[in-house]
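The values are calculated or read from the model by the stated rules, or taken from the named source; none is laboratory data. Please read all numbers here as calculations on a predicted model, not as lab measurements. We place every Cβ from the backbone using ideal geometry, glycine too, and count neighbours over all the protein chains shown.
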Amino acid sequence: MSTFVTLGNAKQPFPRLIEAVENIMGHLPSPVIVQAGYTPWESDFLEILDFMEMGNFVEHIEKARVVITHAGAGTIIHAIKAGKVPVVVPRKAEYKELIDNHQVELAACLSLINKVVSVEKPDEKLLQAVEKAIKIQSEVSFLSDGEPPILQLVRNLFRGYEKDLLHVEGAS
Amino acid sequence: MKIAIISSAGGHLTEVRCLQSVYSQYEHFYVLNHSAILPEDMKGRTYFITHSERDMKFFLNLFEAFRIMKKERPDIVLSTGAGPAVPFAIIGKLFFRTKIVFIETITRISKPSLTGKIMYRLSDHFYYQWEMLKPHFPKGTYGGTVL
């Protein structure tokens, strides 16, 4: 099983993440595949791709034992849907990695409910975060997590609307 | 019953598709604001409208929304954002008595989005995913995260 690292398609480079991954490479499941997007990087050890087609992207996530990603909402959702606990490293505006700090907040809050493991200082704490993510991924309680309540709320709402429609149609 | 799912391409689309198990049992179609490589199940059921971002192209979107709504006549408009939800909500409410259902995006935790603030006024049912938003959406429903 592999490690899949993704930087998304934001235009700002994010070398801080790839550098941290390269530093702990020896400890990660191999091969380590990096979707680098707009971050130029050359490496003798990492497999670097810039972009990939969506089906291929999802397949990489599904096959990976470890997923390390920038804190983009789309990628996080794909990873969680595939049953992974991604390690997320938020891009920061102060390093010109993104226009604002919304990734920081998202990563922190999803981390609180154990959906992701967030790490703001990957240069120091990335390996620790990877180990924690692997541990949560293997816990039985995580695997049997139920359907999010909001889905049931919307489902009930739609059923109510459907009944109203049928009622109206029946009356006319 | 027919559902129109309105979304920006990218993360918002990924997010609204978390609700697929809820809407796919009904007749449904998508509207996106940017071309994208579509998953199989979206092919043949997706419209594309002009990409506008807080500019005059919004008015073009109103015409595009009217054309699509008139042809499809959905009973419900569902969206998590971003901007494309607004013209469809306006047209839906003005002309077609469509029910507007909006879910504030998962990425908005402590402060609402601009689309969220507008859609709060336009929607029949408004959900938000993080409790911290309650003071901003007193008549909305807290639903927890879509994941």
Handout entry: Selected residue (only one of B:Thr115, B:Thr107, B:Thr80, B:Thr98 is crowded, with 22+ Cβ neighbours inside 10 Å, farther than 24 Å from A:Ala10 by Cβ, among the polar types (S, T, N, Q) and touching a residue at least 24 places away in the same chain (Cβ under 8 Å))
Key = B:Thr98
Exercise for the section: Would you check if there is a residue in segment A:34-41 being modelled with pLDDT of 95 or more and either among the basic types (Lys, Arg) or closer than 19 Å to A:Ile134 by Cα (or both)? Expected result: yes
Exercise for the section: Mind listing whichever residues of segment B:2-24 are more than 7 Å from every other protein chain (Cβ to nearest Cβ) and under 13 Å from B:Ile76 (Cβ atoms)? Expected result: B:Lys2, B:Ile3, B:Ala4, B:Ile5, B:Ile6, B:Val16, B:Tyr23
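Yes/no matrix, rows are residues, columns are (1) in a strand (DSSP E or B); (2) closer than 23 Å to A:Leu110 by Cα:
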| site | (1), (2) |
| --- | --- |
| A:Gly8 | no, yes |
| A:Arg16 | no, yes |
| A:Ser30 | no, no |
| A:Asn56 | no, no |
| A:Val66 | yes, yes |
| A:Thr69 | yes, yes |
| A:Ile76 | no, yes |
Fill in the blank from the handout: B:Glu131 vs (1) in contact (Cβ under 8 Å) with a residue 12 or more places away in the chain; (2) within 14 Å of chain A (Cβ to nearest Cβ): all pass except (1)
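Anything in segment B:27-37 that is more than 19 Å from B:Pro74 (Cα to Cα) and in contact with a Lys or Arg (Cβ under 9 Å, 6 or more places away or on another chain)? List them, or say none. If you could, list the steps in order and put the result at the bottom.
Restricting attention to segment B:27-37, the residues satisfying the condition of being more than 19 Å from B:Pro74 (Cα to Cα) are B:34-37.
Hits for segment B:27-37: nothing passes.
Could you please find all residues in segment A:1-59 being among the acidic types (Asp, Glu) and touching a Gly at 6+ places or on another chain (Cβ under 7 Å)? Before the answer, list the steps.
At the first step, the residues of segment A:1-59 found to be among the acidic types (Asp, Glu) are A:19, A:22, A:42, A:44, A:47, A:50, A:53, A:59.
Answer for segment A:1-59, where residues must be among the acidic types (Asp, Glu) and touching a Gly at 6+ places or on another chain (Cβ under 7 Å): just A:Asp50.
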Fill in the blank from the handout: Within segment B:114-133, residues being more than 25 Å from A:Asn156 (Cβ to Cβ) and not in a helix (DSSP H, G or I) number 0
Exercise for the section: Give the residue that is surrounded by the fewest Cβ atoms within 10 Å (Cβ to Cβ), with candidates limited to residues of segment A:40-95 that are polar (S, T, N, Q) and under 13 Å from the mean Cα position of the chain (by Cα). Expected result: A:Thr75
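Name the residues in segment B:134-147 that are assigned to a loop (DSSP other than H, G, I, E, B) and either on the phi > 0 side of the Ramachandran plot or without any contact (Cβ under 8 Å) to a residue 24 or more places away in the chain (or both), would you? Let's see the steps before the verdict.
Filtering segment B:134-147 down to residues assigned to a loop (DSSP other than H, G, I, E, B) leaves B:137-140, B:143-147.
If the condition is that a residue be assigned to a loop (DSSP other than H, G, I, E, B) and either on the phi > 0 side of the Ramachandran plot or without any contact (Cβ under 8 Å) to a residue 24 or more places away in the chain (or both), then B:Pro138, B:Lys139, B:Gly144 are the ones that fit.
When the residues of segment A:112-135 are filtered to those that are within 12 Å of chain B (Cβ to nearest Cβ) and surrounded by fewer than 17 Cβ atoms within 10 Å (Cβ to Cβ), which remaining residue is nearest to A:Lys84 (Cα to Cα)?
The initial filter retains those residues of segment A:112-135 that are within 12 Å of chain B (Cβ to nearest Cβ), namely A:112-116.
Now narrow it down to the ones that are surrounded by fewer than 17 Cβ atoms within 10 Å (Cβ to Cβ): A:112-114.
Values: A:Leu112: 16, A:Ile113: 14, A:Asn114: 11 Å.
Applying the filter and picking the extreme gives A:Asn114.
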Exercise for the section: Examine segment A:72-83 for a residue that is in contact with a helix residue (DSSP H, G or I) (Cβ under 8 Å, 6 or more places away or on another chain) and at positive phi, and state whether such a residue exists. Expected result: yes
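Can you say whether A:Ile150 is hydrophobic (A, V, I, L, M, F, W, C), in contact with a Cys (Cβ under 7 Å, 6 or more places away or on another chain), within 11 Å of chain B (Cβ to nearest Cβ) and assigned to a helix (DSSP H, G or I), as far as the supplied structure shows?
Details: hydrophobic (A, V, I, L, M, F, W, C): yes; in contact with a Cys (Cβ under 7 Å, 6 or more places away or on another chain): no; within 11 Å of chain B (Cβ to nearest Cβ): yes; assigned to a helix (DSSP H, G or I): yes.
In short, no.
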Handout entry: Of all residues making up segment B:101-113, the number that are in a loop (DSSP other than H, G, I, E, B) and in contact with a His (Cβ under 7 Å, 6 or more places away or on another chain)
Key = 3
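Looking at B:Leu38, B:Leu122 in this structure, which one is in contact with a strand residue (DSSP E or B) (Cβ under 8 Å, 6 or more places away or on another chain) and modelled with pLDDT under 95? Full working, then the answer.
Values: B:Leu122 fails: modelled with pLDDT under 95.
Exactly one of B:Leu38, B:Leu122 is in contact with a strand residue (DSSP E or B) (Cβ under 8 Å, 6 or more places away or on another chain) and modelled with pLDDT under 95, namely B:Leu38.
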Practice task
Return a yes/no flag: does segment B:21-28 have any residue that is free of Cβ contacts under 8 Å to residues at least 12 places away in the same chain, surrounded by 15 or more Cβ atoms within 10 Å (Cβ to Cβ) and within 14 Å of the chain's Cα centre (by Cα).
Solution key: no
